[in-house]
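Asker: Before anything else, here's the structure in question.
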Amino acid sequence: MRLPQHSIDRAAPIGVFDSGIGGLSVLQALRAALPGEDLVYVADSAHTPYGERSDAFITQRTSAIARHLRDAHGAKLLVIACNTASAAAAHVVRQDNPGWPVVAIEPALKPAAHHTRTGHVGVLATRSTLASRKFAALRAAVTSAHQDVRFSEVACDGLAASIERWAQGGDGSASRDLLARYLGQLGELGAAAQAIDTLVLGCTHYPLIREQIQQQLPPGVGIVDSGLPVARHARRLLHSTGLLRDETTGDEALSQASLRLLATGSVQTLRAAAQRWLTPTTAALPDVETLAL
């Protein structure tokens, strides 16, 4: 049986996928790093959030959406812009699609280990991400390489879902309350010895409210997330495979890069989130399309 083939056309789009709106934070970074690339973004809004779902369910959804982006849109590269889906299913997508460049995301523990001055890093993430073998392996590797650094993690149940509601309704009070609770569970924050001076946002939803998070942190606490490292990695992969479009197109083509936004459930949340958080990096937003999948 012949295996399905991904596109090897430089003009093909990049596929980006998240359980909901969180991947817009990665989409911003991709558009900044790859201004000449067409992008197709899928929000699995019919099944968000993934944070408390089973690995089997997450893997099934991730595989289905990856196939859609490969077959229906001819995506030349896939970005899994969801920490939970990356931890549970990235290896399955790669196994099922040999040769297809797949960029998964992981909490930014490595950059945080370089950034911290007190040696204490806090991590906010979903319960599924923190319980995954991938996170355990990442944490072990980073602490082995930086033996003077320790991590404190808090599972932020409900925070991603509250950010989805914030995007649609405009009321951020629930998210702020949850943030206060989870930051309090981390322990002492600040620049004092042994205090947490670096905070990792281990879910792509969380950088969307980075400003509000910073407001709840004392002076001297830095925030790191994975958007920029993912975008840089995507660019490197496209370059190494000869698929980087903006090396072979002119300025006019760079300004005409397209964006498609699709949602498996209600389109209102993704539309509102894109208007709230994506507009500053996008000249004209497309309408959100419904994806029956």
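Asker: Could you give the angle, 0 to 90 degrees to the nearest 10, between helix 83-96's Cα long axis and the longest principal axis of the Cα atoms of the chain?
Answerer: Between helix and principal axis, roughly 40 degrees.
Asker: When a footprinting reagent is the concern and you count Cβ atoms within 10 Å, what order do Asp287, Asp71, Asp38, Asp225 take, fewest first?
Answerer: Values: Asp287 9, Asp71 13, Asp38 18, Asp225 24.
Neighbour counts put them in this order, fewest first: Asp287, Asp71, Asp38, Asp225.
Asker: So how many Å³ per residue does the convex hull of the Cα atoms of segment 109-225 work out to? Mind dumping the intermediate values first?
Answerer: Numbers: hull volume 10.0 nm³, N = 117.
Each residue corresponds to 85 Å³ of Cα convex hull volume.
Asker: If each residue of separation counts as 0.36 nm, what is the full-extension length gain between Ala72 and Ser144 once their alpha-carbon separation is subtracted? Intermediate values should be presented prior to the final figure.
Answerer: Working: separation 72, 0.36 × 72 = 25.92 nm, distance 4.27 nm.
Gain in length upon complete extension: 21.6 nm.
Asker: Given (i) 136; (ii) 165; (iii) 128 as candidate values of volume of the Cα convex hull per residue in Å³, which corresponds to the one derived from the coordinates?
Answerer: (iii)
Asker: Specify the angular offset, from 0 to 90 degrees and rounded to the nearest 10, of the alpha carbon long axis of helix 24-33 from the longest principal axis of the alpha carbons in the chain.
Answerer: On a 0 to 90 degree scale, this one is about 70.
Asker: Using the count of nearby Cβ atoms within 10 Å as a rough guide to exposure, how do Phe57, Phe17 rank from fewest to most? Intermediate values should be presented prior to the final figure.
Answerer: On the way: Phe57 13, Phe17 27.
Result, fewest neighbours first: Phe57, Phe17.
Asker: Normalised by the number of residues in segment 1-153, what is the relative contact order in percent for Cα pairs under 8 Å and 6+ residues apart?
Answerer: Values: 225 pairs, mean separation 38.0, N = 153.
Once normalised by length, the contact order is 25 percent.
Asker: Sticking with this structure for a sec: Specify the angular offset, from 0 to 90 degrees and rounded to the nearest 10, of the alpha carbon long axis of helix 173-186 from the longest principal axis of the alpha carbons in the chain.
Answerer: 60
Asker: Now for a different question. Evaluate the relative contact order of the chain (contact order divided by residue number), counting alpha-carbon pairs under 8 angstrom at least 6 apart; express in whole percent. All intermediate terms of the calculation are to be shown ahead of the outcome.
Answerer: Working: 570 pairs, mean separation 79.7, N = 293.
Computed over the chain, the figure is 27 percent.
Asker: Let me ask you something else. Quick one: which residues, 5+ away or cross-chain, put their amide H under 5 Å from the amide H of Arg260? H built at 1.01 Å from N.
Answerer: For Arg260, the qualifying residues are Leu39, Val40, Tyr41.
Asker: Over segment 109-225, what relative contact order in percent results from Cα pairs under 8 Å that are six or more residues apart? Intermediate results must be reported in sequence, preceding the final value.
Answerer: Values: 174 pairs, mean separation 40.5, N = 117.
Reported as a whole number, the value is 35 percent.
Asker: Hey, another quick one. Report, in deg cm²/dmol and to the nearest 500, the calculated mean residue ellipticity at 222 nm for the chain, where each DSSP H run with n ≥ 4 adds -39500 (n - 2.57) and the sum is divided by the residue count. Intermediate values should be presented prior to the final figure.
Answerer: Details: 12 runs with 121 residues, N = 293.
After summing the helix terms and dividing by residue count, I get -12000 deg cm²/dmol.
Asker: For segment 41-161, report the translational diffusion coefficient in µm²/s to the nearest whole number, using Stokes-Einstein at 4 °C, 1.567 mPa s, and a Kirkwood Rh over Cα pairs. Kindly include the intermediate steps, with their values, before the conclusion.
Answerer: On the way: Rh = 15.4 Å.
So the translational diffusion coefficient is about 84 µm²/s.
Asker: Right, here's the next one. So for segment 1-76, considering every pair of alpha-carbon atoms, how many percent are separated by more than 20 Å? Provide the component values of the computation, followed by the final result.
Answerer: Numbers: 1071 of 2850 pairs.
Counting every Cα pair in segment 1-76, those more than 20 Å apart make up 38 percent.
Asker: For the residue pair Thr290 and Gln268, what label-to-label distance in nm results when each label sits 7 Å from Cα along the Cα-to-beta-carbon direction?
Answerer: So the two model labels end up 1.4 nm from each other.
None of the figures in this text is laboratory data; all of them are computed from the coordinates on show. Quantities reported herein were computed from a predicted structural model and do not represent experimental measurements. Heads up, the Cβs are rebuilt from the backbone with ideal geometry, glycines too, and the neighbour counts pull from every protein chain shown.
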